[in-house]
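Let me begin by handing over the structure; questions about it come next.
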Amino acid sequence: MLGVMSTEPLPQKTRSLTQEAFASFLFWLSPYPEPAARQYLDMRLKLVSLLVRKGCAHAEELADRTLDRVAMIVHNEPGKYLNPMALCCGVARRVWLEYLREEAPVIQEVNEIPAPHTIPDFSEQEEACLTFCLDQLSTRDRDLITQYHQFQGSQKIEKRKQLADIYGGLNKLRIMAYRIRTRLHRCVDGCVQRYAN
Amino acid sequence: MENSVPTETVIREYLLGRLDVDSELVERMDEQMLSDAEFSESIGVVEDEIIEEYLEGTLSPADKLSVQKHFLRSPERQRKLQIARSLSRHLAAASAHPTGMPAAADGQPQIFVFFRSWPAFRTYAEIGALVLLVVSLFSVVQLRRELQSEVRESGQKLADERERVAVLNRQIEGVRELTEPATATLNLLQPGVTRGNAKLPQLRLGSLTQNVHVEIALSSAVPGRYSVTLESAGKALWSQSGIEAFTSSAGALLLFDVPVQPLMQGENRFVVSRGSGSELDYPFNTSKQ
């Protein structure tokens, strides 16, 4: 397995993407500006998520690097590629492997990883945002997420079985709880950002 | 290439960084994650469960090590852990104070303490009176029992029916949750006040809508950063600056997301400005369900 890496910002790489190449990339996504812009943002979001799930400490930077490279490919060989997502995926994999082989070993040091217990607790502001966001949930969602995370061990398993019977099966319940957590996550981040501004 | 969905065990190995990064399996999972929203969501579920088990301390030593050395590398995951930890504490605190009968110092409900400290009966007369009272009550209870049994039977049927309806409602809510998108979209193509009978663009918000994705078509293709303010009845409700416009020969487009909370029922407007230049109004109507 390849080693661990620092979360310090990556050294800035020279961007070879021109405005013309970017415009033709957007046109390749869709001849209409609005859907093209939407697709671009959607693809970027998915690439960031993919790279985070691969364990990348610099997901945003690598997603941008991937999209720049895809734009250059499309600009140089228009008509060769038909499936934007497949092309992005292939390029993202290549960028990720290059990063692991060429850049990560240079900057990685085991003792640079923050120990999980050193990840700070929520600040007062964040706690206030969490309370606010929980209040924003519907009663049903708040009850569900409270009961879902109420216990540990065998009590937790038993409770979730009961909830699964009510909500149409364990998988559906897990997805519902995941969606509520995702909403809470976004709400807390948005709330913290609003206060920061 | 095999098209089967990877098992949760495989997904877990993927997330813990134990699969060969060059393997065909990882390649297939990467592709599926980008193209299949359902699969991507199921990865998110497993991801959250790893964090949950890590916080509860129920991971095996090997899994724990993988979490610390691989899984928590990214700042995004560290943030997830932070939120999950706080959420868990918050919910534990909320469920640690259930409502119910207050307890005495020895843990017994206060009503038992009350009877324990009741003075002892001192005379047979008092005991006799008590027996009489109990017998009277017993006879009354006997007389009413038949009627009550009928009422109880009907009540039980009613309760069963209500429970069944409640379960069905929750299931319907569950299905609705899975189908109703959390993000609504609002397209605003023309600035200014509408003329004649022209209707304002409509924004309908469902009970589960969390965000509104707004797309504003600008009449000029001037690149740069814009400021947007949401107003209703002359009052600023929300604003964001530094929004980069997407420009092309056909014009320019502003894309941004707004949380639903500040939006007011009825007429709202986005006021768009760039630097010290003129402002453009984009009115629309909002209806909340």
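Derivation of every value follows stated rules applied to the coordinates shown; laboratory data play no part. Everything numeric in this text was worked out from a predicted model, so none of it was measured. Here the Cβ is made from the backbone with ideal geometry for all residues, glycine too, and neighbour counts use every protein chain on show.
Let me spell out the model: positive unit charges on the Cβ of Lys and Arg, negative unit charges on the Cβ of Asp and Glu, origin at the Cα centre of region B:8-73. What dipole size does that give, in debye rounded to 20? Intermediate values should be presented prior to the final figure.
Details: 6 positive and 18 negative charges, 89 e Å.
That gives a dipole near 420 debye.
Please work out how much length the chain gains when fully extended from B:Leu25 to B:His213, using 0.36 nm per residue of separation minus the C-alpha to C-alpha distance, in nm with one decimal. Walk me through the intermediate numbers first.
Values: separation 188, 0.36 × 188 = 67.68 nm, distance 3.50 nm.
Result: 64.2 nm gained on full extension.
Would you list, by chain and number, the lysines whose Cα falls below 23 Å from the Cα of A:Lys156, excluding same-chain residues fewer than 8 positions away?
Counting by Cα, and skipping residues close in sequence, A:Lys156 has these lysines nearby: A:Lys172, B:Lys64, B:Lys80.
Can you tell me the length gained on complete extension of the stretch B:Glu41 to B:Ser220, counting 0.36 nm per residue apart and subtracting the Cα distance?
Details: separation 179, 0.36 × 179 = 64.44 nm, distance 3.93 nm.
Full extension of this stretch gives 60.5 nm more.
With each pseudo-label sitting 7 Å past Cα toward Cβ, what's the A:Glu102-A:Thr146 distance in nm, one decimal?
Simple spin-label model gives 5.4 nm for this pair.
Highest mean first, how do B:270-277, B:85-92 rank when packing is the count of other Cβ atoms within 10 Å averaged over residues?
Final packing ranking: B:85-92, B:270-277.
Report the extension gain between B:Ala182 and B:Arg79 in nm, rounded to one decimal, defined as 0.36 nm multiplied by the number of residues separating them, less their alpha carbon distance. Let's see the in-between values first.
Details: separation 103, 0.36 × 103 = 37.08 nm, distance 2.18 nm.
Full extension of this stretch gives 34.9 nm more.
Also, I was wondering about something else. Sorted by mean Cβ packing within 10 Å, highest first, what order do the peptides A:33-45, A:50-62 take?
On the way: A:33-45: 17.3, A:50-62: 23.6.
Ranking the peptides A:33-45, A:50-62 by packing returns A:50-62, A:33-45.
For an R0 of 30 angstrom, estimate the FRET efficiency from the Cβ-Cβ distance between A:Tyr81 and B:Ser241 and round to the nearest 0.05. Each step should come with its number before you reach the end.
Details: r = 37 Å, r/R0 = 1.22.
Efficiency, from the Cβ-Cβ distance: 0.25.
How well do other chains shield peptide B:9-21, expressed as the mean number of their Cβ atoms within 10 Å of each residue Cβ?
Going residue by residue through B:9-21 and averaging, the value is 2.
Give the lysines reachable from B:Lys288 as a straight Cα distance under 22 Å; neighbours fewer than 8 places away on the same chain don't count.
Here the lysines satisfying the reach criterion relative to B:Lys288 are B:Lys199, B:Lys235.
Here's another thing I want to ask about it. If each residue's Cβ is checked for other Cβ atoms within 10 Å, how do B:Ser35, B:Ser42, B:Ser278 rank with the fewest at the top? Walk me through the numbers on the way to the answer.
Values: B:Ser35 14, B:Ser42 20, B:Ser278 7.
Going from least to most buried by this count: B:Ser278, B:Ser35, B:Ser42.
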